[in-house]
Amino acid sequence: MSTPTILNIILQTAHLAPSADNSQPWHLSWDDQTLTVSYDTMRVSQKTFSADNPATLLTMGAVLENISQAASSIGWPFTCHISTLVNPVQPVYFQLVFEPITEETAVSLETLPLFKRHTNRFSYQSQAIPEALLTVLKNLTVGSARVLVIEQRPVIREVGRLVRLASEMRFQTQEVHEWLAKSLRFKVKNTDAYGEGLDVASIDLPPGGRLFLRWISSWRRMKWLNKWGAYKAMALLDAQPVNKAPALVAIIGAEQFTDRLAAGQLMNKVWIALNEQGIAVQPYYVLADQLQRRQAKKIPSTLVRQADDLFAQTKQLFQLDDGEELAMLFRIGYPTRTPVKSKRLPLDKVCSEISV
């Protein structure tokens, strides 16, 4: 097998990484054995999180984890050069310098565990997660990032309460509401141009839920409904699956650029490991997002006190040291149904100077 074919495997695995609302903000370029991963400013600017947002850094860390696992399976060594910060003009996250290779490889996407990774937003069984697997997860680290496993029912319910409070804030914030509305895809066909965005079919909605989501996509309507407490009802529904989860997994990391990339790597490593064992995963980013918006002073003035209380309670409940943050929260459990998998853009939409 020639190097370009092996490279194509690497590119495809990078392109399978998780991203906020399936925005796929990465751009891949290849030059003289070097793969550069950057932010696709032209394609996603103003459509998703910014290049230096913690959510984007998590995504890019997940891209690095996918590439690392694929390259290890192929036996294609590389040296990783991580940027010290994101240049807003040319937002490059890292460059991977691969060694020349000419050997044949039998590796394909279908044989890699990362190919099975997906989001499952539907209900889970009440069956407990094997303690041996949870012990393995607890011991996983990448750089400064660590895993916190939550099994105790009272603590799970307390986390659910914090998710509900964070969701209440989200449904009262125009910017966040409009971003989510723009990402929703209500009709996704096999032949359409959509390979990005959040497919509504992947969400566990009650009868009429699809129409309701479309109707409240307008902030004007949502703001009117909020006068009658709609944000409370929707946040309660949002947090309910967390309260019922057999277990929760929190990714804890530090607040610096490279630390957030490491948290993204660990997040994806845990996610892949769980899905490989047949355990479903639903990421909950709302709590981390509201806390990061608080840190960036992007919380509406009417919600600042709530955000401060949420920060204090989260720090105590998740046992965060100074300088640490909650990077991601997972609801995990055995699935009751097979979910719709997110589509991807054609590979040539996220690559340049590469034959795909």
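Which residues, taken from region 304-356, are touching a helix residue (DSSP H, G or I) at 6+ places or on another chain (Cβ under 9 Å) and part of a strand (DSSP E or B)?
Passing the criteria: GLU324, GLU325, LEU326, ALA327, MET328, LEU329, PHE330, ARG331, ILE332, GLY333, CYS351.
Which of the residues that make up region 56-82 are of a type in the set (S, T, N, Q) and more than 16 Å from ALA17 (Cα to Cα)?
Listed by number, the residues that qualify are SER72, SER73, THR79.
Among (1) crowded, with 21+ Cβ neighbours inside 10 Å; (2) more than 17 Å from the chain's Cα centre (by Cα), there is one condition TRP271 misses while meeting the rest; what is its number?
(2)
In region 23-38, which residue that is surrounded by fewer than 20 Cβ atoms within 10 Å (Cβ to Cβ) and of a type in the set (Val, Ile, Thr) is farthest from SER202 (Cα to Cα)?
Ranking the qualifying residues of region 23-38, first place goes to THR34.
Just one of (1) modelled with pLDDT of 95 or more; (2) surrounded by 13 or more Cβ atoms within 10 Å (Cβ to Cβ) trips up PHE49, so point out which.
It fails just one condition, (1).
Failed condition for GLU276, given (1) charged (D, E, K, R); (2) buried (at least 18 other Cβ atoms within 10 Å of the Cβ); (3) farther than 19 Å from ARG170 by Cα; (4) at pLDDT 95 or above, with all others met?
(2)
Would you pick out the residues in region 1-22 that are more than 12 Å from MET60 (Cβ to Cβ) and surrounded by 18 or more Cβ atoms within 10 Å (Cβ to Cβ)?
ILE6, LEU7, ASN8, ILE9, ILE10, LEU11, GLN12, THR13, HIS15, LEU16, ASP21, ASN22
Which one of these is surrounded by fewer than 20 Cβ atoms within 10 Å (Cβ to Cβ), β-branched (Val, Ile, Thr), in a loop (DSSP other than H, G, I, E, B) and more than 18 Å from the chain's Cα centre (by Cα): THR79, THR102?
So the residue among THR79, THR102 that is surrounded by fewer than 20 Cβ atoms within 10 Å (Cβ to Cβ), β-branched (Val, Ile, Thr), in a loop (DSSP other than H, G, I, E, B) and more than 18 Å from the chain's Cα centre (by Cα) is THR102.
Output yes when any residue across region 44-53 is among the polar types (S, T, N, Q), touching a residue at least 24 places away in the same chain (Cβ under 8 Å), in contact with a strand residue (DSSP E or B) (Cβ under 9 Å, 6 or more places away or on another chain) and not in a strand (DSSP E or B), and no when none is.
There is no residue in region 44-53 that is among the polar types (S, T, N, Q), touching a residue at least 24 places away in the same chain (Cβ under 8 Å), in contact with a strand residue (DSSP E or B) (Cβ under 9 Å, 6 or more places away or on another chain) and not in a strand (DSSP E or B).
In region 109-165, which residues are charged (D, E, K, R), within 27 Å of GLU65 (Cβ to Cβ) and either assigned to a strand (DSSP E or B) or free of Cβ contacts under 8 Å to residues at least 60 places away in the same chain (or both)?
Listed by number, the residues that qualify are GLU110, GLU131, LYS138, ARG146.
Consider PHE212 against the criteria (1) part of a helix (DSSP H, G or I); (2) within 29 Å of ARG305 (Cβ to Cβ); (3) more than 19 Å from the chain's Cα centre (by Cα): it satisfies all of them except one. Which criterion is unmet?
Just one mismatch for PHE212, condition (2).
For the subset of region 119-133 comprising residues that are surrounded by 19 or more Cβ atoms within 10 Å (Cβ to Cβ) and under 21 Å from the mean Cα position of the chain (by Cα), which member is nearest to SER19 (Cα to Cα)?
Checking each candidate, the answer is THR119.
Out of everything in region 140-154 that is in contact with a Lys or Arg (Cβ under 9 Å, 6 or more places away or on another chain) and more than 15 Å from ASP259 (Cβ to Cβ), what residue ends up being surrounded by the fewest Cβ atoms within 10 Å (Cβ to Cβ)?
Here the answer is LEU140.
Where residues in region 321-356 are among the polar types (S, T, N, Q) and under 22 Å from ALA273 (Cβ atoms), which of them is modelled with the lowest pLDDT?
The residue in question is SER342.
The values are calculated or read from the model by the stated rules, or taken from the named source; none is laboratory data. Computed from a prediction, not measured in an experiment: that's the story for all the values here. All Cβ positions, even for glycine, are placed from backbone atoms using ideal geometry, and neighbour counts span all protein chains on display.
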